[in-house]
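One structure is given here, and the rest of the page talks about it.
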Amino acid sequence: MRPRRGLRAGTGRCARPRVAACACLVAFAVTFAIAGPPVNAQVADTLDVASSLRALVASVTEAPLRPAPSSNDALGEFYARRDWSTAWIADGRLTPQAAAVIDFLGRAQEVGLDPEDYDARRLHDWATRIAGAPASLTEQTRFDVSLSRSLLLLLHHLSEGRVDPQSIGFSLPRPGGIDLAGVARDVSRAVDVSAAIRQVEPQYAGYRALEQALTRYQALAADSTLRTPYRPRRSVRPDESYAEMPALRRLLVAFGDLVDTTTGSDTAGRHRYTPEMVAAVERFQERHGLEPDGIIGPSTFAALRVPIAERVVQMELSLERWRWLPRRPPQRYVAINIPAFRLYAFEGDSTAAHAVLDMKVILGASQMRRATPVFEGTMRQIVFRPYWDVPRSIASKELIPLIRPDTGYALHQSLEIVRGSDDHARIYPFTPENLQRVAAGTLRLRQRPGSDNALGLVKFVFPNAHNVYLHGTPATELFAHARRDFSHGCIRVEDPAALAHYALGGQDGWTPPEIAAAMHGAEPLTVSLARPVEVFILYATSVVSRTGVISFYPDLYGHDAALARALEQRRARAALSRPFAEDR
């Protein structure tokens, strides 16, 4: 009987635990209803997401997303680092970062890119649908991969450009070195998404300034009230009358060449070509690589008539070329911009904002197919009082025809025939047989050092496959021209002594007086640089100065046209390879 009493007692004492257990079950049921499926269901969803992402990523094989030289796909690497979870959707909702990325893609034109290359409009509409109604797991993962792919492509284009420079004949390696998957991960977590994206862009002050100028010119291109003046019957000179002067004034005000000081009631002399307008036209001419003579002649009028939309394209092409450079400026480097006919030298400038040297240069003649190539090299030596080793083509086509009838021409030009490349090579007489051997390449023609030497008094050597170098020139009067494509391809510098002082900076024994002494010494002298200088021969037809003035230059060698064609061909190929076309 004791057990029965005990059972009753026990039953009474156990009533509270049973109630508590029931309460726990009710609480669990409530929690389940709020929190969703149990753990095993959540695991199943996670596996479904991972499987879906893996399958989608495997279907995307576009080469530009592969971070060279690794064979890993940046898209796959991005999701692998996330353990194959969605990056832009959390708990069925778009993340703030997703919205910010889509916004950036939709404004890609502000950085010189095309939003349609990144499916900006489709992604925006897709995101709007997802935000307005619950999306299936399949739609969520497809959207996530599409947005990741567009972001990675944008990062690739911002960091390296859309076109491989070597594919259009430029000897410039693509920068590379960007961990696209890592940057995309940073973007997906960033508070400031725009800053996270733009960290991959070239870190040059000139690049940023050109982007800012692009926004201004895009606004000008959209201004329907701006128009170019009609062509005058003849050149317009100072103090003459020109019926289209009001239209010209408004255009120059919009470009920033003229400060508008007129009032609505000021109509007197509105058609006269005033000194104020002459000064504005001269500024316009200088910004466009023209002779700043203040005369509105054919070349000036042609520059005025270029549609602003075409100027926008020029700026976009120049931004593309900026992206071919190392992302951060080298410690010491020289840049030559071919269309501008200028050289700039930089030293220890983290954004290349302030050139320590800025001088004119003379480059390869465009009309004679002597274009100076676009490439990079490393300056390692300077030669004072150099010999000029005449290229075989110049010797055969230009000099030998002058020497054959009159060997006195060779003596007057300090030319001599030698064998080998040594400064002390054996000298041969000017006979018809030896001239024939020069033409055949078994002997060579060279010019002795001196003030009349074609290379001037200094030669700057940076070995390259094009046999191009920097040097001085005795024909200094040519620097007075606005357009200076007069050489056979090499680069003549306006101030070789200043460039030598820059290159030899920090090297004992090379003060300006010592450099001058070497330039006017008795013998050639080769000096190795203790600190080599990187050299970039570049091509940009739109440039913004450190004071914010934008200049446009003619497409001297047709490189802008070639790059525009390459971009159009790339866009056509990309349109054929878009994944998930059914989601458009």
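The values are calculated or read from the model by the stated rules, or taken from the named source; none is laboratory data. Predicted model, so just to flag it, every value in this text is computed and none were measured. Here Cβ is always computed from backbone atoms with ideal geometry, including for glycine, and neighbour counts include all displayed protein chains.
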Val253 being farther than 30 Å from Arg323 by Cα, surrounded by 13 or more Cβ atoms within 10 Å (Cβ to Cβ) and modelled with pLDDT of 95 or more
yes
The helices (runs of 4 or more DSSP H) lying wholly within the stretch 173-238 that contain at least 2 residues that are of a type in the set (Gly, Ala, Ser) and surrounded by 17 or more Cβ atoms within 10 Å (Cβ to Cβ) are 180-189, 205-221
Just to be sure before I move on: is Gly297 within 27 Å of the chain's Cα centre (by Cα) and surrounded by fewer than 19 Cβ atoms within 10 Å (Cβ to Cβ) in the structure I sent?
no
Number of the condition not met by Leu290 [criteria: (1) part of a helix (DSSP H, G or I); (2) in contact with a Ser or Thr (Cβ under 7 Å, 6 or more places away or on another chain)]
(1)
Selection from the stretch 300-325 of residues that are crowded, with 18+ Cβ neighbours inside 10 Å and basic (Lys, Arg):
Arg311, Arg321, Arg323
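Go through the stretch 305-347 and give me each residue that's basic (Lys, Arg), in contact (Cβ under 8 Å) with a residue 40 or more places away in the chain and touching a strand residue (DSSP E or B) at 6+ places or on another chain (Cβ under 8 Å).
Scanning the stretch 305-347 gives Arg311, Arg321, Arg332.
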Has the stretch 476-492 got at least one residue that is buried (at least 20 other Cβ atoms within 10 Å of the Cβ), aliphatic (A, V, I, L, M) and under 29 Å from Glu291 (Cα atoms)?
yes
Failed condition for Arg448, given (1) farther than 19 Å from Ala518 by Cβ; (2) of a type outside the set (A, V, I, L, M); (3) touching a residue at least 24 places away in the same chain (Cβ under 8 Å); (4) surrounded by 13 or more Cβ atoms within 10 Å (Cβ to Cβ)
(1)
Of all residues in the stretch 269-305 being charged (D, E, K, R) and in contact with a Leu (Cβ under 9 Å, 6 or more places away or on another chain), the one that is farthest from Ala480 (Cα to Cα):
Glu276
Quick check on this structure: which one of Gly132, Gly112 is surrounded by fewer than 19 Cβ atoms within 10 Å (Cβ to Cβ) and assigned by TED's automatic domain parsing to the domain that holds Ser52?
Gly132
Every listed condition ((1) on the phi < 0 side of the Ramachandran plot; (2) touching a residue at least 40 places away in the same chain (Cβ under 8 Å)) holds for Asp164 save (2)
